[in-house]
Structure formats: C-alpha cells, structure tokens
Amino acid sequence: MSTQTVETATFSDELLKFIETWKDKRGNIIMIMHRIQQEFGFLPWDAMAHMAKLIDVPLAKIYGVATFYHYFKLEKPGRNKVAVCMGTACYLKGARDLIDELSNLLDVGVDETTEDGEFTVESVRCVGCCGLAPVVMVGDDVYGKIGPDGLPEILAKHRSAGTEGA
Amino acid sequence: MAYSSYCLVCGGTGCESSKADLIYRELRRVAEERGVDNDVQIVKTGCFGFCEKGPIVKILPDESFYVEVKPEDATELIDEHVIKGRTVKRLMIKDKERKKHLETEDDISFYQKQVRVVLRNCGIINPEDITEYIAREGYAALEKVLFTMSDDDVIAELKASGLRGRGGAGFPTWMKWKFTKDIKHTAEEVFVVCNADEGDPGAYMDRSTLEGDPHSVMEAMTIAGYTCGAHKGYIYIRAEYPLAIKRLQTAMAQAREYGLLGDDILGSGFNFDIEIRLGAGAFVCGEETALLASIEGERGTPRPRPPFPAVKGLWGMPTVINNVETWANIPMIILRGGEWFAKIGTDGSKGTKVFALTGKINNSGLIEVPMGTTLREIIYDIGGGIPKKKQFKAVQTGGPSGGVITAEHLDTPMDFDNLTKLGSMMGSGGMIVMDEDDCIVDVTKFYLEFSVEESCGKCAPCRIGTRKMFDILERITSGKGEMEDIDRLEAIAVSMQKASLCGLGQTAANPVLSTLKYFRQEYLEHIENKRCPSGVCKDLVRYEIDAEKCIGCTVCARRCPVNCIAGERKTVHIIDQDACIKCGQCYDACKFDAVRIA
Amino acid sequence: MAKMTLEELRKLRDEKRLELNRRKVDEKTIEVIVSMGTSGIAAGAKETLQAFIDELNQHGITNAVIRQSGSLGLDHAEPTIEIHMKGMPDTIYGSVTPAVVTEIVDRHILKKELVDKHVFDRPAPDIIKE
Ligand SMILES: Cc1cc2nc3c(=O)[nH]c(=O)nc-3n(C[C@H](O)[C@H](O)[C@H](O)COP(=O)(O)O)c2cc1C
C-alpha cells in the first residue's frame, strides 16, 4: 500500500484537546480517527502512528480498523470529492451511466484522484435524497435529477480557477 | 379484496370547504345502498390542484374527471358511471379547459392516508428547540414512567402494544426489554443502544426521524434506561448523516440543560446520559452484534448469537438495542397506552410503518401508514402511480436482504408476516418501485454487488457465496449464462442461508431466490435467447431503426456519441452495429418510436 | 436555564402549548414552516427560507413567524412549506422556489387566495391534537 504522509503530522490544539477528552473513554479509537480524518481529509500514516502513541494502542490495531471501514481514507483525496449516489433509486435512474461518464471525462476510476489533484470520484451509498435521483454530490453541493450531459458543467463549476482545461 | 373501480373525492383545501366531505359520505352511502361498496372504493384524496372548479370527483380506471359536483349528484354518479359504466356528461369538464390544468391534476393524496405516530413531530416542530417538543407532549411519557410506573408496568404496556422491532427482524420489543430487566440486578452495568446505522441503500426514515424529532428517540432511550437499569445510552449513527448528528448534539445539550438527561432527572433520583458514536460506512455494522463491536472500537464483525445482546452485549454487559423507528414509537405507547397502539395495524403487526417510497413513482418520499395497508394504496393512492404511464413491474422491499412483490400481490396487506410469506421482508422499510424498463436480473445483480462489497469476510459461506452468485449474475447479464447457472444459484443460496454467521449472509441470497420465483422467465430469456427484454443489459441489447417509422429527422444521428448512425435527412437511418456502444441515447432521443430494442 | 423539576416541566409545557396554539388562532399571526431535512436543503430550502424573510420584510409584514422543521417526507416536491393563518386553510405548498415565495406572499398571505399550482396537500391528521 502507498504510505502517504503529511510532512509533519502535527496535530492542531483542538485535535489534541479532543484526544485528551476521549483518551480514557472506552471504545474511543473510531471517534478519534474520525476527528483526525476531519483535520487532514484522510488518515495519513504518520498521524495514525502519532495517535497510537498518544492513546497507547498498537498501530496494527488502528490500521486494522482503518482498513475495515469504507469511510476511512488512507490516500489523500482530490480538492473536490465527486460522489455519485449508488442507492437503489439512483441506480435504477441511471447512476451507473454517471459513473461511466465521469471516468470518461476525468480519466479516473472509482476511488481514484485525477492527476492534477482536482477531483476524486467516489460511489456512495444512498445519500437519502431519493426523490431527486439520480444524485451527484460535489463537496457539500447536491445536484439532483441529472444526466451524463449535465456533468461537464458541474465539473467546470468546481474546478479551481487557473486549472481550466487542464 | 379487489375493487374494480376507484372513486376519488378531492379532499384538498379548496374542495373541502365546498362540501367535499358531504359528497364523499353521500357516495359511500349510495354505493352501500346499491350493494356495490365492494366493487368501488371511495377515497378522499389530496388536492387535484384544480380548486376553482371544485369540488372534484375522479373515477378510475378510466380517469373521468367531474367538476363542481354537488352532494345531490352522488346517486347519479354511482348509478350511471359505476354501475352502468356510462359517464355523466353534464358534470364533465370541457377538454380545452382541462388540458390547461393537466400538470397539477396529477397530484394526489400524499398525507391523508397516512397515520403519523413515528413522524408525529416531523415537519411540525423545530427540532432545534426543546420547548417545542415539550409543548407537544414531549417528555410527558418519561414523566409518567419515572413517577408513576414500575419497570414491570412499562414492560406490560409494551407487551399490550404488540410493538415489534422496526430494524428488520420484527422481534417483539417487550421481550428484549424483559430479558435485560430480569438480570439487571446481577449485572455490573447495563446499556441502552439506538441503532441509527441505516444501511439499506434505499431507506432514510431513521435519518429523517432524527433530523425532525431527535428528542423522541432520546426520551424513549431514557425510559428503557429506567426500566432495564441502565445509566448510559449510545446512539450509533452513520457518519454520512451530518445534519442528523448535529441536531442530535443540539438536542442532547438542551436536554442536559433542562435536566432531562444527566443526574437526578426531574428530581427523580434517576441518572441517565447518552453519547453519540459514529459509524464509518460499513453496512454490516447495522447488524446488532457487529454494531456493538464497532462501538467498542473494533472492526465491525458480527459474533455468533446466542448469547443475545439483551443478555451479553456491549463489553459483555446486558444491552437493550433497538432501531430508531422502534424508539420513536415508545413515548406514544406509554402516553396513550398499549391498547391504543394495538388498535392500529393487523393481528400480528401492530402500529404503523414508515416507508421510503422511491424509484419509478410519482410522489416519492417518506410515508407512514398503518400496518396492513395494501401496496396498491401505497403506490396508487399515496404514491400517485408510475410516471409516464409505464407498466408497473414489481416493488422491492427489504433492500439487499429482501425480495420483490409483483402485480398479482398488490392487494396483500403489508405486514411482517405477509411480506415474509411472499419471500420478501419488511426490512427497514425501503420500497423501490420498478417499471417495465427495469431489468430484474440487473437489479438482482446490483444487490449482490452490494453484498459482495459489504460482506465482512469473517465467515466463508457469505464471503465466497456472495462473490460466486455475483459472478454468475454477471455472466448471465453479459450473455454468457448457461442453464446450469440457475441450479447453481439455488444451491449456493441454500447453503448461505443455512451456514452464514449473521443475518447479512443468511439473507443475501433473498433477492436471487425471490426474483427466480417470480421472474424465472426473464432469467431464461437472458440465458437461452441472450436477450434482455427491458433493454438494460447492454451486452444483450441491439438497437435497430424501424424503416417504417423513421422519418429521417436526424435527431438520433446527431445524438449518437460515436457517430455510428448513418442516413440523409428525410431518409431512413441505419445503425452500424459493429461501432454501436449501446448507450441507448438514440432510443431515448427518437420521438417516433422508430428506434427499438431488437 | 437551570435543571427543571417536575412541576417546572409541566408549567413550561402548558405555557408553550398555549403560545403555539395562540399562534394558530391569533388573527394577527401568520406562521410559515419551512421543511429543512437533508433533501429539503439539497433542493434549496435555505434559499426558500431566505426568500420568505426578504419578501415579508419587503411588504412590511411583521406579524409572521417563520419556523424551520424537519422533513415532511415529500421528497419529490421539495422544498416544501406549510402555512397557517386565520381565514385560510392550513396548506402545504411544494416546489417552493424563491419565485414561488413571491407568489405565495402576494396571493396566499396578502390576497388570501390559494396558489393552486403549488398546493400539494393539507397536513396529515395530527395524533397529538386528537
Ligand atoms: C446485515 C444486517 C444489517 C442490519 N442493518 C440494520 C440497520 O441498518 N438498522 C437497524 O435498525 N437494524 C439493522 N439490522 C437489524 C439489527 O441487527 C437488529 O435486529 C435491530 O437493531 C434490533 O432493533 P429492533 O428490535 O428495534 O428492530 C440489521 C441486521 C442485519 C443482519
């Protein structure tokens, strides 16, 4: 596996404080990992090692948990997360075509990041907007009832300035 | 009971004020008098959006639309239209006027058939203001329990209510509570857990309940704490539900401030508090023993049962675990009494059920109806039917653990037992409507793909079985299926049901078995004739242009992403089959039905 | 707010219930409830809420309360809102974009007529009130 690192796995004061309050609670590992992922956008190798030391748990255990749950990411994601809902309603209404078109447009597969670090494509389970199916989320923005034709415009909207046409 | 026609009386805001109710009662009276009340079902519906011509009465299946109906007209409508099948011209609207309103006329009752117990506060109170919950009898059940009821009283009330778990299995709630209550004095500690992992990819009632009415769940958990001797509760919720998490946090902070959580609640001497634990995107963690492992901070793999969590759960201690919807029912049961609750629903399934109605349906959304409501009522009266006049094919319930229900069973009352009898299950309440354009084999493959990804891998029958079944379905949908594949699917299914460790593996084959039972012919089409009747399986589809129908408008050729459609303007077009990627865009684009699936 | 005793909880419940009921019958009060669940927000409920605030301000309507609540369940017609006011039936409107808000304020609230195109339904029966 690739071992991405943050240059210095420095934890912010808030993160350290969070760990302090959770340190002695039972079953705290997952909650702390959520908080770390919130800070870095993924779980950098160094950060997991640092966490292991702070709460005195073997790194192997943390790694075991990290790999079990889909929500935890071990690789740095792109600046924009493009999540295609693959709930049943969205599937019936053409979510698969959206995924195909995205990999066509961005030249990446599911769970991969574009070379310029701009987009990561993900397929997610029901985001609970079935009335709007099919649904694509970019970051926190939800786009409902869209077809493959609508994707280029959405991507263009989120592409950071300066990388146009990249 | 099957009705041959339906008479819909608009109960919308506009019509109601102009005597709709009287008309409704008159129609019923006359129907009964004429002895046709078993043939025609008379229902009050929501607004048809045509208020200026109200009151409106609509008769199905022929969709006659009567306007400005008066109570006196009821006799004529029943005698002429329902009995003799002749429309009453004088009450019908002129076509021209009507067309103008066609768009809105399609709206149909969404709320009036619903009975909202679980969702009683959703859409009514501000979930971020505890006083609004309190104003609507909030925390009155807790008050009653703390000051006037013993643990046995609470359990007796639950038993009288007949409440069964809404998380899928339908286990009687009172029994679980009793198991734990009976051993509470010997246990070092007892826990209460709310299962808000909601993993079925077509269900979101739990999220909606927590977003709209978080206190109802917290109040119920506190009641369970008092009854079963717990002082600590956990809500295990998906990290993918940020709004629900935020509203829960706000609600918990307010409850603590008001002394409704924490030490010495309302001066009763009883202590109870709740903590949120986040899931991390693993479907199997909805299974109770896996969920408990996850709260403990472990990989979320299930444990063998027995021992059941009620006896040996979180950190080995007795644990009461219920689903969000189950919890949300409890304050009302305590306040109104078990008997009140038991009046709603069917013999074996009491109360209401919340369904997430989605897929090929006009009014998709969350609905709450009494147990025993028929699928027909749900799909046609509340859901407003199938869009674009397509043919209804089936409804999927129970998600990856469930199966399909077909047209012939539309009139079956929906409850735990009937669904199981039909080879599906209640599950968490996802209800996905499919029409003629959906391929049953493809949808089954979708669920199996889900189960392959979500199998935790701990036991072999599930880990290997789901993968093997998926591979076979993949073969069938790509035109490489063989007749033996059907037997193989059935053999694997049986061994998975028998040998898997947890519910995931035991039920993962249900979508296959159920669709094989009702749609075997469609499987055979794929295997023997290498044909996908609904045109979904791309490898089996061939698009052709009907020379009789094509007028040479060039729309399809312009839409084709690989430019494989040739033909001059006003001449018949032809698809180059070798270059065709079967994207189906020409099929969707043609306005003359000239592109067809061969 | 300090921790409550049983008596205080009961008192609060009665007071608050009166306040909520008064809103319903009070000639002067108009109540607009915007449904703000995940799918409502995804469909633009925040813009709808803002549009109501702006529109009511613009018309100088000061006797209206705008509240938010969880989802009404009506996903395909989000954003949805519910209006209670004297002289008009309780009404649920669907697909309420900012443009529709303008129309609702103008017609439903000021002229007391239903905006037919967007009327979805009446609210479901309320078991708490029965
Ligand atoms: C694979 C699998 C997934 C499950 N997912 C959920 C779920 O998402 N939510 C839920 O409440 N119950 C789920 N259950 C059911 C739980 O194991 C358990 O029966 C339920 O939490 C008990 O609560 P109840 O009695 O209130 O239904 C699942 C079960 C299995 C086997």
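A short reminder: the numbers here are calculations on the coordinates, not readings from a lab. Please read all numbers here as calculations on a predicted model, not as lab measurements. Note that each Cβ is placed from the backbone with ideal geometry, even for glycine, and that neighbours are counted across all protein chains shown.
How about the range B:145-199: which GluC sites (Glu not before Pro) there lie in a loop by DSSP and see at most 11 other Cβ atoms within 10 Å?
Values: sites: B:Glu157, B:Glu188, B:Glu189, B:Glu198; in loops: B:Glu188, B:Glu189, B:Glu198.
Passing both the DSSP loop test and the Cβ count: B:Glu188.
Largest GNM mean-square fluctuation among C:Val65, C:Val101, C:Val32, using chain C with Cα springs under 10 Å: C:Val65. Which one of B:Val512, B:Gly457, B:Leu489 has its Cα pushed farthest toward the positive end of the charge dipole of the range B:440-528, where Lys and Arg give +1 and Asp and Glu give -1 at the Cβ? Value computed over the given set: B:Gly457.
Placing +1 on each Lys and Arg Cβ and -1 on each Asp and Glu Cβ, with no other charges, gives the range A:80-161 a dipole about its Cα centre of roughly 460 debye. Distances between placed amide hydrogens fall under 5 Å for A:Val124 paired with A:Val84, A:Cys85, A:Met86, all partners being 5 or more residues away or on another chain. Measuring between their Cα centroids, the range B:433-492 and the range A:59-116 lie 22 Å from each other.
In chain C, a dipole from Cβ-located charges (positive for Lys and Arg, negative for Asp and Glu) runs towards its positive end, and of C:Leu74, C:Pro123, C:Ser95 it is C:Pro123 whose Cα lies farthest in that direction. To test your reading of the geometry: what angle, between 0 and 90 degrees and rounded to tens, separates the Cα axis of helix C:6-25 from the longest principal axis of chain C? On a 0 to 90 degree scale, this one is about 30. Summarising the strand pairing of the protein assembly as shown, around 55 percent of its internal DSSP beta bridges are antiparallel. Counted over the range A:28-166 with a bin width of 5 Å, the fraction of Cα pairs per bin, in whole percents, is 2, 10, 19, 18, 16, 13, 11, 7, 4, 1, 0. Could you go through the range B:479-485 in sequence order and give the Karplus-derived ³J(HN,Hα) for each residue, using 6.51 cos²θ - 1.76 cosθ + 1.60 with θ = phi - 60°, rounded to whole Hz, and x for Gly and Pro? These are the phi-based 3J(HN,Hα) values: x, 10, x, 10, 4, 5, 4 Hz.
Please get the size of the charge dipole for the range A:4-68, origin at its Cα centre, with Cβ charges of +1 on Lys and Arg and -1 on Asp and Glu, quoted in debye to the nearest 20. Could the numbers behind the result be given before it?
On the way: 7 positive and 8 negative charges, 66 e Å.
Value, rounded to 20: 320 debye.
Diffusion coefficient of chain B by Stokes-Einstein, Kirkwood radius over Cα pairs, 37 °C, 0.692 mPa s: 123 µm²/s. Here's how it looks for B:Gly262: its modeled amide H is under 5 Å from those of B:Phe272, B:Asp273, which are all 5 or more places away or on a different chain.
As a rough footprinting exposure proxy, the listed residues B:Cys590, B:Cys564, A:Cys126 were ranked by other beta carbons within 10 Å of their own, and the order from fewest upward is B:Cys564, B:Cys590, A:Cys126.
3J(HN,Hα) couplings calculated from phi for the range B:363-376 with the Karplus curve 6.51 cos²θ - 1.76 cosθ + 1.60 (θ = phi - 60°) are, in sequence order, 9, 7, x, 9, 10, 10, 10, x, 3, x, 5, 7, 4, 4 Hz; Gly and Pro show x.
How would A:Trp45, B:Trp327, B:Trp174 line up from fewest to most surrounding beta-carbon atoms within 10 angstrom?
Result, fewest neighbours first: A:Trp45, B:Trp174, B:Trp327.
Neighbour counts of other C-beta atoms within 10 Å: give me A:Leu132, B:Leu422, B:Leu142 arranged from fewest to most. By the 10 Å Cβ count, ascending, the order reads B:Leu422, A:Leu132, B:Leu142. Only one residue of B:Ile130, B:Cys550, B:Tyr380 has its Cα farthest out toward the positive end of the dipole of the protein assembly as shown, where Lys and Arg carry +1 and Asp and Glu -1 on Cβ, and that residue is B:Tyr380. Using equal-weight Cα scatterers in the Debye expression, the normalised intensity of chain C in log10 at q = 0.20 Å⁻¹ is -1.16. With the largest listed first and rounded to whole Å, the semi-axes of the equivalent ellipsoid of the range A:47-92 from the Cα gyration tensor are 31, 14, 6. Around the amide H of B:Ser428, modelled in the peptide plane, lie the amide H atoms of B:Gly398, all under 5 Å away and 5 or more residues distant in sequence or on another chain. Using only side-chain charges placed at the Cβ, +1 for Lys and Arg and -1 for Asp and Glu, the dipole size of the protein assembly as shown relative to its Cα centre rounds to 920 debye.
Considering only beta bridges that DSSP places wholly inside chain B, some 55 percent are antiparallel. Rg and Dmax over the alpha-carbon atoms of the range B:352-435 stand at 11.2, 33 Å.
Can you classify the protein assembly as shown as rounded, prolate or oblate using the Cα gyration tensor, where a ≥ b ≥ c are the square roots of its eigenvalues, rounded means a/c under 1.5, and otherwise it's prolate if a/b beats b/c and oblate if not?
Numbers: a/c = 1.44, a/b = 1.07, b/c = 1.35.
Rounded shape, in that the Cα axes give a/c under 1.5.
For a straight C-alpha distance cut-off of 22 angstrom, the lysines reachable from B:Lys70 (same-chain residues fewer than eight places away being disregarded) are B:Lys19, B:Lys44, B:Lys53, B:Lys58, B:Lys84, B:Lys89, B:Lys94.
Each part gets one Cα centre, and for the range C:56-88 versus the range B:242-315 those centres are 35 Å apart. Rounded to the nearest 500, the helix-only mean residue ellipticity at 222 nm of the protein assembly as shown stands at -11000 deg cm²/dmol, with each DSSP H run of n ≥ 4 adding -39,500 (n - 2.57). Which residue fluctuates the most in chain A, going by a Gaussian network model with Cα springs under 10 Å, if the choices are A:Val124, A:Val138, A:Val57? Among A:Val124, A:Val138, A:Val57, the largest GNM mean-square fluctuation belongs to A:Val57.
How much space per residue, in cubic angstrom, does the convex hull of the C-alpha atoms of the range B:232-356 take up? Walk me through the intermediate numbers first.
Numbers: hull volume 19.3 nm³, N = 125.
Here the figure is 154 Å³ per residue.
Annotation: the range B:426-470 has a Kirkwood hydrodynamic radius of 11.9 angstrom, from the mean reciprocal C-alpha pair distance.
Sequentially through the range B:514-519, phi angles give Karplus couplings (6.51, -1.76, 1.60; θ = phi - 60°) of 5, 6, 5, 5, 9, 10 Hz, Gly and Pro residues having no value and appearing as x.
For the range C:28-121, give the share of DSSP beta bridges that are antiparallel, in percent and rounded to the nearest 5; count only bridges with both residues there.
On the way: 11 of 17 bridges.
Within the range C:28-121, antiparallel bridges account for around 65 percent of the total.
Once you compute Rg and the Kirkwood Rh from C-alpha atoms, what is the Rg to Rh ratio for the range B:130-342?
Values: Rg = 15.7 Å, Rh = 16.9 Å.
Across the range B:130-342, the Cα-based Rg/Rh ratio is 0.93.
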